[in-house]
Amino acid sequence: MQTVEIEIKLPVGEHHQVRQTLLANFARPLGDICELNIFYDRPDNSLYAADQALRVRIEHAPQDSNLAKALVTWKGPSISTLMHNRPSIDFYASPSEAADPFLLALGFVRKMAFEKRRQSWLLGDCRVELDELPRLGLFIEIEGPSEAAVLTVRQRLELDNHPAEHRSYAAMVAEALRASPTADNTLRFDKTSL
């Protein structure tokens with residue numbers, strides 16, 4: 001089923017204060033996960049040219065990579081608004097290891113990948129994600145059913161004065177990899193920081 005994701009991304013210097021504000025607002029913690037996000041395209045880069053994305057997100061608990069899940073996502077062109085709005089379709093692939101060879105067999109090619117650490121919360125109708133990406137730093141993502149709901153949660157978290165980051169994580173990672181390439185075009189945390 002196709003949905004439209006409505007979210008705002010805010011770069012922050014630290015997560016502690018936001019976590020305290022979430023607790024003070026009786027937000028419900030949903031847990032921590034580690035992710036590997038792998039992006040694919042056609043050999044001619046036509047998905048990227050059409051402002052679309054195809055991603056496999058491998059998710060696992062921080063201390064247990066044996067129970068990994070693979071979320072396959074198509075994202076359509078961005079809808080120009082104050083927030084990051086775009087149509088998307090998600091489904092889980094099982095077993096998780098099948099997602100990559102399946103997409104490769106269909107003719108897609110791996111373009112880049114990045115790790116992300118995420119702590120998820122629920123506040124009202126919105127999910128609040130405390131994200132960390134290697135080289136890029138810390139972010140807060142607020143996703144909800146409407147722009148009004150997202151802006152209300154942003155205000156409750158006292159983040160009104162934090163400017164929004166309008167680029168996707170994929171765009172920021174691609175820029176970081178162009179500036180400082182890696183052998184496998186993957187942005188990873190140092191093993192010492194895990």
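No value in this document is a laboratory result; all are computed from the given coordinates. Here the structure is a predicted model, which means the values were calculated and not measured. For neighbour counting, all protein chains shown are included, and Cβ atoms are generated from backbone atoms with ideal geometry for every residue, glycine included.
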Legend entry - Sites matching chymotrypsin sites (Phe, Trp or Tyr not before Pro) across the stretch 26-61 that sit in DSSP coil, with at most 15 neighbouring C-beta atoms within 10 Å: Phe26
Inset, instruction - For the stretch 42-101 and the stretch 130-194, compute the distance between their C-alpha centroids and round to whole Å. - result: 16
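Compute and list, largest first, the equivalent-ellipsoid semi-axes of the chain from the alpha carbon gyration tensor, each √(5λ) rounded to a whole angstrom. All intermediate terms of the calculation are to be shown ahead of the outcome.
Details: eigenvalues 145, 75, 58 Å².
Working through the eigenvalues yields semi-axes of 27, 19, 17 Å.
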Inset, instruction - Report the local net charge at His84: Lys and Arg +1, Asp and Glu -1, summed over other residues whose C-beta lies under 14 Å from its C-beta. - result: -3
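For the chain, what does the helix formula give at 222 nm: sum of -39500 (n - 2.57) over DSSP H segments with n ≥ 4, over the residue count, nearest 500 deg cm²/dmol? Mind dumping the intermediate values first?
Values: 5 runs with 41 residues, N = 194.
Calculated from helices alone, the mean residue ellipticity at 222 nm is -5500 deg cm²/dmol.
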Inset, instruction - Given the options Ala50, Ala149, Ala27, state which has the largest fluctuation in a GNM of the chain using a 10 Å cut-off (strictly under) for Cα springs. - result: Ala50
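Give me the net charge for the shell around Gln155: Cβ to Cβ below 15 angstrom, other residues only, Lys and Arg +1, Asp and Glu -1.
Numbers: positive: Arg154, Arg156; negative: Asp125, Glu147, Glu158, Asp160.
My count for the surroundings of Gln155 gives -2.
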Inset, instruction - Based on other C-beta atoms within 10 Å, arrange Ile89, Ile142 from fewest to most. - result: Ile89, Ile142
Legend entry - Loop-located chymotrypsin sites (Phe, Trp or Tyr not before Pro) in the stretch 86-194 whose Cβ has at most 16 other Cβ within 10 Å (DSSP): Phe189
Inset, instruction - Within 10 Å of each residue's Cβ, count the other Cβ atoms and sort Thr3, Thr21 from fewest upward. - result: Thr3, Thr21
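Test of understanding: ordering Lys75, Lys116 by Cβ neighbours within 10 Å, fewest first, what list do you get? Numbers along the way, then the final one.
Values: Lys75 19, Lys116 22.
With the sparsest Cβ surroundings first, the list reads Lys75, Lys116.
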Legend entry - Amide H partners (placed H, <5 Å) of Glu5, local residues excluded: Arg86, Ser88
